[in-house]
Every structure is written in structure tokens, then in C-alpha cells.
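The values are calculated or read from the model by the stated rules, or taken from the named source; none is laboratory data. Because the structure is a prediction, the values reported are computed rather than measured. When we count neighbours, we look across all protein chains shown, and the Cβ atoms used for this are built from the backbone with ideal geometry, even at glycine. Keep in mind that these areas ignore ligands, DNA and RNA; they rest on the heavy atoms of the full protein, side chains included. Shrake-Rupley method; radii C 1.70, N 1.55, O 1.52, S 1.80 Å.
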Amino acid sequence: AYGDVDESAAVELVHYAVDAGLNFLDSSDFYGWGHNEELIGKALKGRRDKVVLASKFGIVKTDSGVGEDGRPEYVQMACEASLV
């Protein structure tokens with residue numbers, strides 16, 4: 001939705017923020033359809049104990065665009081996927 005991402009610059013930005021004392025990151029499996037959570041995972045490698053990480057879920061792709069899914073099965077799947 002936001003265009004191309006310079007992944008190394010994004011990881012560097014997260015490192016800068018954490019090193020500067022930021023201790024809360026908020027993400028969603030909706031941001032980049034999971035790419036943002038993958039990027040945060042890479043950026044926090046070796047630094048995970050320095051932040052509280054929140055992840056939202058429930059917005060999903062559908063044949064007609066975007067929908068919502070709050071079923072317990074999806075909640076569990078989204079939580080497990082955010083931990084990979």
C-alpha cells in the first residue's frame with residue numbers, strides 16, 4: 001500500500017529507534033500483508049528483549065478486496081504467524 005520498501009534502511013531505522021530507547025512497537029499482519037511483521041522480526045533479532053511488541057489482526061484479503069475475520073481459528077493462526 002505504501003510502495004517499495006528499502007528493507008535494510010527499515011531495519012536500520014528500527015535499530016536506531018530501539019537504541020534511542022523506544023520500547024514499544026505496534027504492527028499488524030495487514031501492513032504489507034505480513035511483510036512488516038517479517039521485517040520487524042529481522043530487525044529485532046538479538047534485541048527482542050528490549051521492546052514490547054504488539055500485533056493486530058483481523059483484516060484479510062478476499063476475492064472482492066478486503067474483509068474481516070475474527071474467528072477463533074484465525075486469531076490463533078494470526079498469533080502463531082506473528083511469532084515466526
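Details
- Listed by position, the strands (runs of 3 or more DSSP E) inside segment 14-84 whose residues that are closer than 20 Å to G3 by Cα and either open to solvent by less than 40 Å² (accessible area, probe 1.4 Å) or of a type in the set (G, A, S) (or both) number at least 2 are 24-28.
- Restricting segment 1-13 to residues that are in a loop (DSSP other than H, G, I, E, B) and among the charged types (D, E, K, R) leaves a set whose member that is surrounded by the fewest Cβ atoms within 10 Å (Cβ to Cβ) is D4.
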